[in-house]
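Following: one structure in structure tokens, then a few remarks.
Every number in this text was worked out from the coordinates using simple rules, so none of it is lab data. Nothing here was measured: the structure is a model prediction, and the numbers come from that model. Using ideal geometry, Cβ is built from the backbone for each residue, glycine included, and neighbour counts are taken over all protein chains shown.
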Amino acid sequence: MSLSPGHRNAGRPGEGRRILLGISAGIAAYKSAHLARLLKQAGHEVRVVMTEGAQAFITPLTLQALTGEPVRTSLLDPEAEAGMGHIELARWADLILVAPATADLMARLAHGHADDLLTTLCLASDAEKVMAPAMNQAMWRQPATVRNAHRLAEDGWRLLGPDSGDQACGDVGPGRMLEPEAILAALDDTAPREAAGLTVVITAGPTREPLDPVRYLSNHSSGKMGFALAAAAAALGARVLLISGPVALPTPAGVERHDVESAREMHDAAHRLARGCDLFIGCAAVADYRAETPAEHKLKKREGEHTLTLRLVKNPDIIASIAARDDRPYVVGFAAETRDLEAYARDKLARKGLDMVVANDVSRAGLGFGADDNAALLVWRDADGTDQRSLPPQPKSQLALAVVRQALARLRAAAPP
Ligand code: CTP
């Protein structure tokens, strides 16, 4: 993790860090127990501070048992202050990680409040600060929250996520806390950052092919998988350029986003941005065809005619054309299939000249298109032919991390230093 110069304690390479885990009052607090455990397992020292509301979702005792340290909940606790006072605790930490960070906590931190122990510690500490926001999607989209998120980022906070998907309240959209594994991966600076120094270009979402000034051809791609890949690659330290069709998703932290509409715009952006890149992942659901000549004016219904014939022409195959470049990067494509996963994936690998194909079975309920979970079969080229790996159903954020890691491993094997 990069530490800005003002931070007092740079991470100690090869050693665990002193992490103050702040938990605020969101339903995602139940995931913080797993996060605390992962942080401990990764060799970090962990102390937990919970807001009053957080204790309605998970008990301090759970966190105490997992970290082996007393959990602090109150600023005005003479007994706790007699042990490690709050200023001492603020100095002890070399990283403050707030997960989940609710909309209210973000608002208080953005305005420099110190009205409970957690906000006071954040204000009193020079440590590096990271938060994983978690809230209802409408709250996350509110201009006030957007303003607070920007202000916090300006103040030096690093925001991880949020993820998009099913919410505990029944809504669907951005606001879900990143999975603990993804948070850990984003923090992990003791392990060498697997993708540091690499540039990754990713296409995501659908394309829109105009028929006339008000209508278009498109598909149901949500962009979630491509955005999850971008977040994973950024968390692993890569420079990430995300070329996105029209989607309703926030840009993952640390990702450079280029919005496009049509397949041809995506093609041009891909070739412009892929120059000199190391890894290209084509996750977009590119429309295979476009109207040969989009109407200049709105198409009108014609009296007495029951059919309308549109003449479509093929769009360029973006990923195949990237794979055909002389300076080609390692190229990973996606295949959405309903049967014969492996055979179709291998066929696509050969036909498009790809290095790896991530194949999804889109006929499986709750997985794939628009869903938050996905499973995949990875097929790649090897000196000895092809090889493969099956990834079981899991949240797209986790699957994305596994896909990027596998691609990096193959990339390194394909081009040893
Ligand atoms: N792709 C692309 N440009 C296109 C079409 C597809 O870059 N014009 C990429 C996608 O981003 C994805 C892969 O190619 O990585 C999917 O291949 P595609 O041939 O579109 O898959 P299917 O639609 O499943 O193809 P098929 O007609 O073989 O079922």
Quiz prompt | Count of lysine pairs in the chain with Cα separation under 19 Å (8 or more residues apart, or interchain) | solution = 6
Exercise. Report, in debye and to the nearest 20, how large the dipole of the chain comes out about its Cα centre when Lys and Arg carry +1 and Asp and Glu carry -1 on their Cβ.
Key: 840
Quiz item: Per-residue ellipticity at 222 nm for the chain, helices alone: DSSP H runs ≥ 4 residues times -39500 (n - 2.57), over residue total, nearest 500 deg cm²/dmol?
Solution: -9500 deg cm²/dmol
Quiz item: So for the chain: antiparallel DSSP bridges make up what percent, rounded to the nearest 5?
Solution: 35
Self-check item: Spacing of the two label points (7 Å from each Cα toward its C-beta) at Arg351 and Leu312, in nm
Solution: 1.5
Exercise. Rank-order 371-377, 401-407 by packing density, defined as the average count of other C-beta atoms within 10 Å over each peptide's residues, highest first.
Key: 401-407, 371-377
Practice problem: Report the extension gain between Lys301 and Ala415 in nm, rounded to one decimal, defined as 0.36 nm multiplied by the number of residues separating them, less their alpha carbon distance. | Solution: 35.3 nm
Quiz item: What ranking do Trp92, Trp380 get, fewest neighbouring Cβ atoms within 10 angstrom at the top?
Solution: Trp92, Trp380
Quiz item: Of Thr309, Leu391, Ala36, whose Cα points farthest to the positive end of the dipole of the chain (charges on the beta-carbon: +1 Lys, Arg; -1 Asp, Glu; origin at the Cα centre)?
Solution: Thr309
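Between Glu52 and His111, what FRET efficiency comes out of the Förster formula 1/(1 + (r/R0)^6) with R0 = 25 Å and r the beta carbon distance, rounded to 0.05?
Approximately 0.85, to the nearest 0.05.
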Quiz item: How much net charge surrounds Pro250 when only other residues with a Cβ under 11 Å from its Cβ are counted (Lys, Arg +1; Asp, Glu -1)?
Solution: +1
